[in-house]
1. If you go through segment D:239-259 one residue at a time, how many are at the interface with chain C (Cβ under 7 Å from one of its Cβ atoms) and within 15 Å of the chain's Cα centre (by Cα)?
2. Only one of A:ALA250, A:ALA256, A:ALA246, A:ALA231 is out of contact with any Ser or Thr (no Cβ under 8 Å at 6 or more places or on another chain), touching a residue at least 12 places away in the same chain (Cβ under 8 Å) and among the small types (Gly, Ala, Ser); which?
3. Go through segment C:212-234 and give me each residue that's touching a Pro at 6+ places or on another chain (Cβ under 8 Å) and under 15 Å from C:ARG173 (Cα atoms).
4. Of the residues that sit in segment C:271-289 and are small (Gly, Ala, Ser) and touching an Asp or Glu at 6+ places or on another chain (Cβ under 8 Å), which one is surrounded by the fewest Cβ atoms within 10 Å (Cβ to Cβ)?
5. For segment B:128-148, give me the residue count where each residue is more than 11 Å from chain A (Cβ to nearest Cβ) and not aliphatic (A, V, I, L, M).
6. Which of the numbered conditions does A:LEU201 fail, given that it passes all the others? Conditions: (1) surrounded by fewer than 18 Cβ atoms within 10 Å (Cβ to Cβ); (2) on the phi > 0 side of the Ramachandran plot.
7. Identify all residues within segment D:130-185 that are among the small types (Gly, Ala, Ser), farther than 21 Å from D:TYR245 by Cα and free of Cβ contacts under 8 Å to residues at least 60 places away in the same chain; write none if there are none.
8. Inside segment D:64-84, can you point out the residues that are in a loop (DSSP other than H, G, I, E, B) and surrounded by fewer than 23 Cβ atoms within 10 Å (Cβ to Cβ)?
4 protein chains.
Amino acid sequence: MSKKSKRGNSPGVGRRGFITAATVAGAAALAPPLAAAATPRAPDAVAKVAAPPTRVAEGTMSEVELAVRDLVIANRILAHENVVDAYGHVSIRHPLHPERYLLSWSRSPEQIEAGDIVEFTLGGEPAGGDQRPPYLERFIHGAIYAARPDVHAVVHAHSVEVLPFSISATKLRPVIHDGAFIGAEVPVWDIAEKFGHETDLLVSNMAQGRDLARRLGGNQMALMRGHGFVAAAASLYEVVRLAVYAPRNAHVLQAALLMGGKIKPLSKGEITARVEGPTLQPNTAAAQRAWAYWAQRAGVADLLPPRPTK
Amino acid sequence: MSKKSKRGNSPGVGRRGFITAATVAGAAALAPPLAAAATPRAPDAVAKVAAPPTRVAEGTMSEVELAVRDLVIANRILAHENVVDAYGHVSIRHPLHPERYLLSWSRSPEQIEAGDIVEFTLGGEPAGGDQRPPYLERFIHGAIYAARPDVHAVVHAHSVEVLPFSISATKLRPVIHDGAFIGAEVPVWDIAEKFGHETDLLVSNMAQGRDLARRLGGNQMALMRGHGFVAAAASLYEVVRLAVYAPRNAHVLQAALLMGGKIKPLSKGEITARVEGPTLQPNTAAAQRAWAYWAQRAGVADLLPPRPTK
Amino acid sequence: MSKKSKRGNSPGVGRRGFITAATVAGAAALAPPLAAAATPRAPDAVAKVAAPPTRVAEGTMSEVELAVRDLVIANRILAHENVVDAYGHVSIRHPLHPERYLLSWSRSPEQIEAGDIVEFTLGGEPAGGDQRPPYLERFIHGAIYAARPDVHAVVHAHSVEVLPFSISATKLRPVIHDGAFIGAEVPVWDIAEKFGHETDLLVSNMAQGRDLARRLGGNQMALMRGHGFVAAAASLYEVVRLAVYAPRNAHVLQAALLMGGKIKPLSKGEITARVEGPTLQPNTAAAQRAWAYWAQRAGVADLLPPRPTK
Amino acid sequence: MSKKSKRGNSPGVGRRGFITAATVAGAAALAPPLAAAATPRAPDAVAKVAAPPTRVAEGTMSEVELAVRDLVIANRILAHENVVDAYGHVSIRHPLHPERYLLSWSRSPEQIEAGDIVEFTLGGEPAGGDQRPPYLERFIHGAIYAARPDVHAVVHAHSVEVLPFSISATKLRPVIHDGAFIGAEVPVWDIAEKFGHETDLLVSNMAQGRDLARRLGGNQMALMRGHGFVAAAASLYEVVRLAVYAPRNAHVLQAALLMGGKIKPLSKGEITARVEGPTLQPNTAAAQRAWAYWAQRAGVADLLPPRPTK
């Protein structure tokens, strides 16, 4: 049975939390105006947020406001932790409309603020008519959300530690405990297989996005030959953690390989225990600790909820 | 004769100093109320510190206040020097109660302040009933303090330079003078040997902690397969120094190995001279220099005692 | 047909934009006094800028002022991204006088301000009589501008990731999509071939500069044995991008080579699609995004034009 | 003929300049009271500086004040450029008393201020009775100054890029132009050869210092097995440049070696042209540029003399 089927097909069930997408049904119950498909839309998610219809968590913020806030934090974290530079992006599935996702217009992650977040259809069109230029490769996100109802957050990046495995015969696999999140299998997608040897390597349309999503399959991560990787997870916290630790896992694996001799990778059981087990879920103290730490380093600690008191 | 037995079994004898745990007997003499086991306890060490019964050193701070202050500095140093990130932790044996240790609740080391330090029993329970979530792997600390009366400070971390040796057939050994502190032998503990191939690799209970402590034996450092390392020393300064230089030693060893040919490691006599000799003990100017430098870089120079005047 | 001839021999045609050299003809039409060769010159470009004769773009700045501003930004970016240190330099062809180029006097790129930019003849003389000491290796720039009418910006640097390929039998080639800009061929120039084994390796006169330009040929980049590289492009944005990503490409290539086995480089068609295709030209949102990001990181965001509004 | 004899035995002849030791004779002529051996001494160089007898350069500073200022800058540069950390040190021969040298007491280079500089005899005693603890390894400096009249500045450090060559059969040699300053030969000194296998690897007395100086011979740099390196040069600028670029040269050499195949090192003639030629002497614009850049990065730009105006 694949990981995907294990997780079930209901988007976000049981994953409410500080950085988790809400269930569609629950959110709709709380926010009927927003859930109504025919509601006229403001130019982008942020404009919409300006008149929040409901307050579901953390005091006075709506589900969508929380999602936007967390997405800003995720962008800043990935930039500060050197997962992305001028390029690379992170998205979140819309917490109320599973057939939409939230993603910045064409800005670098380190510079993104709430007002930069745009709502897209799964086909990659700005749902509210936003006129600012979008990322060329936004199709990656929609294609994965369409293929994977269990996925609520997607990262695309070009980390130099991961890239050697995208052009090498050596397979990337998890060898450290925090690397387990990449999953037991990390397939490599080569755009040239289906789209020939004259592309600019960018995922520039839905056909390419869908082909990439097919190669990703039910896995957490796929490498893109000579280009980078995609990571997909059930929550924003999980996809950020994966993207932060995948390069370290790649670094350790490569270093061990270069010293020669046999190496000990994680076992299937260990990978499953990390990914599926209770200790590292997004609502645990261990997860919250990392999110708070990364956010502070990235200069956005002021966006976090207050920490627990003794 | 092992290093452990050489150092003797009296905790902290002769190691008083700016970052050294006090002897139990001496401290008890100075601070009887705190040494009395039946004394009711405030929720955590810091609350207790708020009403210090005695002032033993550096003007107006109690033994416990000094320990807490030094532990905060140690956390910040390890974070700034990239030994720990969101994860990893450092503890100190309680200066008055050798059957207790001081450790933060579940926060990242870079964010830790005095108010975050909690007192734990060797079994891993918060001694004063602190309600904040603890580190999942606190059992590492108690198990080592229980097995090693000579140890007063413990670090657990996941440095990427050290990790390749935890999954490789190549042994980590000291090759640079500041690497001597890792000791002549660095055993590798594989959690799967005793606890099977389906753990999440975390040391989640005392049984696992004790098994790790057994593998550590009388050594200063043990690798944890696919996970990280533990370091144990007679004082906070020593364990921090070990944790800072172990990754550099690993880096140099690996680089030399990759160039091929025979390499020259440190001799047993050189390792002993570094670890046991007089020049690098915690009370020397050389040690104080490093502590002051690391603390300044980590942004906590204001916590340091004043420097000597000419 | 070489890339050079494909791009045509008219300097800058069709490349107007925020960081692009203007066409000579167009600029001359707008700025006749500056285009007149007999015009008396102020001591340097900046003094001249102080009395701008025309305002052609972005409000109130002249073509030359814009070029100087962008060159300051480029210097700061290359310093901040670790492409250059105390040494290394970047120039731009004069936007109105193709037989001149703009380059700082002998300062480190991180410290350069508008007042440091000097106008040089292609032979390497300060056109306005500036008395400050010039870079010893300024001849690199003039020789390339003379040989390559399609080139409007040149970088010379000593990146440690690129240098191993300058002394090794292993050829540098593009393996990642952002590395495509180095081009399919990266020739290595060894100063000793023509100038003997007793030089200080610096390009100290026009004869050496011309020899280097010949080895560069119609390519984007050439390595200089034991010394560094030159990069040449049609605009400042393009040469900065090349210089930023060439080291990362070199890093990834080397890492993949060390793991052994066959590696997959970019195909010729992929390289061409990246360099010639529409998606990554300097006037695209993707290009502007990187420039804005790099400039902000380098501390010169205040020099940028305002960003688009939704 | 060795480099040493080429440079002559008169300390500092012809090397006056912004970071150069003055000739003894000339300085003595300007500052007779300080040159008189019987003059009572203040506790350290800085106290002495407080009542400067002569003003020889850069306005109102004495030779000694200038030396102290430059030594502070050098310390900060080496710390900021990651050549030294808590440990490692740099000294300058006393500008008026060639049988003395200036060096900090036991502080980390990043923290050193003018008041920390102490005057030492070549035997390693504080000349003015300073009571602060000195560096354990100060004997390195005196032994080299005694053996090498041409040397006016010495660095001892433990750079991780250089260390692998100290324990490997692979020889460190210059392969990049800025690496030429390490010289054609870089001998390796193993303390165990003469002092046995039970030392703590530190140069703890003059006998060890002299043995190291003998191995250094007439070269610019020697590696110390499992410990670090010493660098010796005719001026502070030169020794800092050597110490900054030696690690980069080591990094490039190692990377090229790992890729396999034949590599091209610098020729003897190229090394000589770099070290002896006119273009890179301390009084050139190219040298001043680096010093100003490094000092600004290290946060001590305010200590620099003003830069040239056009």
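The values are calculated or read from the model by the stated rules, or taken from the named source; none is laboratory data. Predicted, not measured: the structure shown is a model, and the values here were computed from it. A quick note on method: Cβ atoms are made from the backbone with ideal geometry, for glycine too, and the neighbour counts reach across all protein chains shown.
1. 0
2. Step by step, each of A:ALA250, A:ALA256, A:ALA246, A:ALA231 is checked, and only A:ALA231 is out of contact with any Ser or Thr (no Cβ under 8 Å at 6 or more places or on another chain), touching a residue at least 12 places away in the same chain (Cβ under 8 Å) and among the small types (Gly, Ala, Ser).
3. C:LEU216, C:ASN219, C:ALA222, C:LEU223, listed by residue number.
4. Among residues in segment C:271-289 that are small (Gly, Ala, Ser) and touching an Asp or Glu at 6+ places or on another chain (Cβ under 8 Å), the one surrounded by the fewest Cβ atoms within 10 Å (Cβ to Cβ) is C:GLY277.
5. Number satisfying all stated conditions: 6.
6. (1)
7. Matches in segment D:130-185: D:ALA169 only.
8. Residues satisfying the conditions are D:GLU81, D:ASN82.
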